[in-house]
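**Student:** Structure below; questions to follow.
Values in this text are rule-based calculations from the coordinates and carry no lab data. Since we're looking at a predicted model, the values are computed, not measured. Note that we place each Cβ from the backbone using ideal geometry, even for glycine, and neighbour counts take in every protein chain shown.
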């Protein structure tokens, strides 16, 4: 059927319109594609060139600068100092053995370091620098630089090394850093990638380890281009990380140095604690060691004597060591009885020198006995029989509850390694730990801080501070982090009867200041510094009936390991307590002869803020004390804020 002209014209117009629409769409598509191609090929050319070469771009971490550690007055205890090391690049060295032999003739390299460097050179890629020796002197750096033509591939580098300027004074407080080990990585669920940087150091013990997350800082990054063999060709981008936070401790460097020197020659521990806020002004364990020896890896020659010493210098006796508290525990028993209303301060007990309990004889330290004694006299003269009798009235459960209120048997939250909880036993504990029932003799032993009871010097200092103030004083070691003050260690009242606490303080005052007190020879005579305290002597061996019959062997006649531990706890000034001091001398013999004199000297040093006046000592002691003060100042000269020894 033939179409007329009008129909043909209409069909042509329709086709032309469709062609225009299709052509426009095609033109729009081609224009968009051209614009996108221009954007990708011109505007984003650099970015896509990097993406295309992605296999040649590496992201590498930049180690952060570790935060420093200071004492309460701003004296540096751990710092970062520039140090020089000698490195080698194997592919630049050529004959490595020959170059290493030449280097050994120029600077001193011990055999272990030499062999370890050779092994590391063999394991590493030929283009990577390998450290041969660290902490070299500027003189050695100069010698290497002068002889550079004869030492191809060898060059000096500068970095930062952790240094402990106060050395052994703070080894048991600040701790030390060391290289990250596989054991360190395995202990972490999701280790920070910065820990995988070769030779990266982290805190190993004490504050360095416990505050690691704050001291470490945040790693930076750098984007580098490497060739097919992995060699860095150029640095493309760098983003600096964040340095670690500076940490300020509560410890006073000068007081700490004095205490450490005062403990010289003893296997001992001493805590000085602020009675107001719990700040630890000194926390010393002796003997100590130099933590700087560990930074680059300690030698067997230096490590073995520390490991094998019977005085255990690697152990922080202030918090790790737990000991029978001896007669220093008697305040706990007395306060338990007073709070329960089971005894009055004027009630007396007769001490004939022993007590028969369940067919067993428990002896007083004084063989002839003390006669009739009341609460104050029992503490002043440290009568054991009085506390045997008291404990039987109170019972072990209430004694242990009181001990816990005073901070014994409690693991205190402190930024130190291996803080011990000690042990305040109960009937349930013995059934679980020893598979045995509690017997009445266990209570008698516990009453004088023997048997199963164990406490650390830190816990004894906490106990003393709580008796002195009636407040729940908690130990605090970190004063501030990056200038932000940390919470106080005073948690408020213990909720005890103040009259009972007052009686206990008065009895402790008589221990030191009454002529018949066990610590009278270690008294302070200056009224503004008067001290209250309690001696303690804890046995480390059993005394048989046969030995008692012929006479108990004196401590000085026994081997050192079998002598009694000596303890003393105190606070001062008596009227307005400022510090509590606890001293332990391992195998020191008697608390009155070995521990109390140390505590008296340390307390005066703390209260005076330096060398105390000789007038604070009894006249008969002053010549000896003056010589002692000179000796101790020579051992540990006071340090000013700029780090210089004070004249």
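**Student:** Please give the FRET efficiency for residue 290 paired with residue 106, using the beta carbon to beta carbon distance and R0 = 35 Å, rounded to the nearest 0.05.
**Tutor:** 0.80
**Student:** Subtract the Cα-Cα distance of residue 150 and residue 356 from 0.36 nm times their separation in residues, and report this length gain in nm to one decimal.
**Tutor:** Details: separation 206, 0.36 × 206 = 74.16 nm, distance 8.71 nm.
Using 0.36 nm per residue and subtracting the Cα-Cα distance, I get 65.5 nm.
**Student:** I need the fraction of alpha carbon pairs in the stretch 525-618 separated by more than 21 Å, rounded to a whole percent.
**Tutor:** Numbers: 1832 of 4371 pairs.
When every Cα pair of the stretch 525-618 is considered, 42 percent fall beyond 21 Å.
**Student:** Taking 7 Å along the Cα-to-C-beta vector as the label spot, tell me the residue 300-residue 562 distance in nanometres, rounded to one decimal.
**Tutor:** Label-label distance for residue 300 and residue 562, simple model: 3.5 nm.
**Student:** Using the per-residue mean of other Cβ atoms lying within 10 Å as a proxy for protection, in what order, highest first, do the peptides 424-433, 243-252 fall?
**Tutor:** 243-252, 424-433
**Student:** Rounding to the nearest 10 and keeping the result within 0 to 90°, find how far the Cα-based axis of helix 111-123 lies from the longest principal axis of the chain.
**Tutor:** Taking Cα atoms only, the helix is inclined about 30 degrees.
**Student:** A further question follows. Beyond 14 Å, what percent of the Cα pairs of the stretch 83-161 remain?
**Tutor:** That fraction is 57 percent.
**Student:** Can I ask one more? Give me the Debye-computed log₁₀ of I(q)/I(0) at q = 0.15, 0.18, 0.21 Å⁻¹ for the stretch 315-432, equal point scatterers on Cα only, no solvent, two decimals.
**Tutor:** -0.76, -0.99, -1.19
**Student:** Relative contact order for the chain: what is it in percent, counting Cα pairs under 8 Å that are at least 6 residues apart? The partial results should precede the final answer.
**Tutor:** On the way: 1277 pairs, mean separation 85.3, N = 647.
Worked out over the chain, it gives 13 percent.
**Student:** Using only Cα atoms, locate the centre of the stretch 265-297 and the centre of the stretch 140-191, then give the distance between them in Å, rounded to an integer.
**Tutor:** Taking the Cα centre of each part, the stretch 265-297 and the stretch 140-191 sit 24 Å apart.
**Student:** On a C-alpha basis, how far is the centre of the stretch 428-494 from the centre of the stretch 520-597 in Å? Whole number, if you could?
**Tutor:** So the two Cα centres are separated by 19 Å.
**Student:** Write down the percent of antiparallel bridges among all DSSP beta bridges whose residues are both part of the chain, to the nearest 5.
**Tutor:** Close to 95 percent.
**Student:** Compute the separation of the alpha-carbon centres of the stretch 382-406 and the stretch 233-248 and state it in Å as a whole number.
**Tutor:** A separation of 58 Å, based on Cα centres.
**Student:** To continue, here is another question. For a label point 7 angstrom out from the Cα of residue 214 toward its Cβ, which stretches of the stretch 466-491 have the backbone nitrogen within less than 18 Å?
**Tutor:** 474-490
**Student:** Hey, with R₀ at 45 Å, roughly what FRET efficiency would residue 393 and residue 526 work out to, going by the Cβ-Cβ distance, to 0.05?
**Tutor:** Efficiency at R0 = 45 Å is approximately 0.70.
**Student:** How do 132-138, 552-558 rank on mean C-beta neighbours within 10 Å, highest first? It would help to have the intermediate numbers written out before the result.
**Tutor:** Details: 132-138: 16.9, 552-558: 12.0.
Top of the packing list down: 132-138, 552-558.
**Student:** Quick one: if the Förster radius is 30 Å, what FRET efficiency do residue 184 and residue 73 give, using the C-beta to C-beta distance and rounding to 0.05?
**Tutor:** That pair, residue 184 with residue 73, gives E of 0.35.
**Student:** Kirkwood hydrodynamic radius, computed over distinct alpha-carbon pairs, for the stretch 466-609: how many Å, to one decimal?
**Tutor:** 17.1 Å
**Student:** For the residue pair residue 411 and residue 439, what label-to-label distance in nm results when each label sits 7 Å from Cα along the Cα-to-beta-carbon direction?
**Tutor:** Taking the simple label geometry, residue 411 and residue 439 are separated by 3.2 nm.
**Student:** Using a 10 Å cut-off on Cβ atoms, rank the peptides 357-366, 253-262, 72-81 from the highest mean neighbour count down.
**Tutor:** 253-262, 72-81, 357-366
**Student:** Summing -39500 (n - 2.57) over the DSSP H runs of n ≥ 4 in the chain and dividing by its residue number, what mean residue ellipticity at 222 nm do you reach, to the nearest 500 deg cm²/dmol?
**Tutor:** Result for the chain: -10500 deg cm²/dmol, rounded to the nearest 500.
**Student:** If you build the Cα gyration tensor of the chain and take the root of 5 times each eigenvalue, what three semi-axes come out, in whole angstrom, biggest first?
**Tutor:** Sorted largest first and rounded, they come to 69, 35, 23 Å.
**Student:** Once label points are set 7 Å from the Cα along Cα→Cβ at both residue 623 and residue 480, what is their separation, rounded to one decimal in nm?
**Tutor:** It is 4.8 nm.
**Student:** Just want to confirm a number: the relative contact order over the stretch 83-161, from Cα pairs under 8 angstrom separated by 6+ residues, in percent.
**Tutor:** 58 percent
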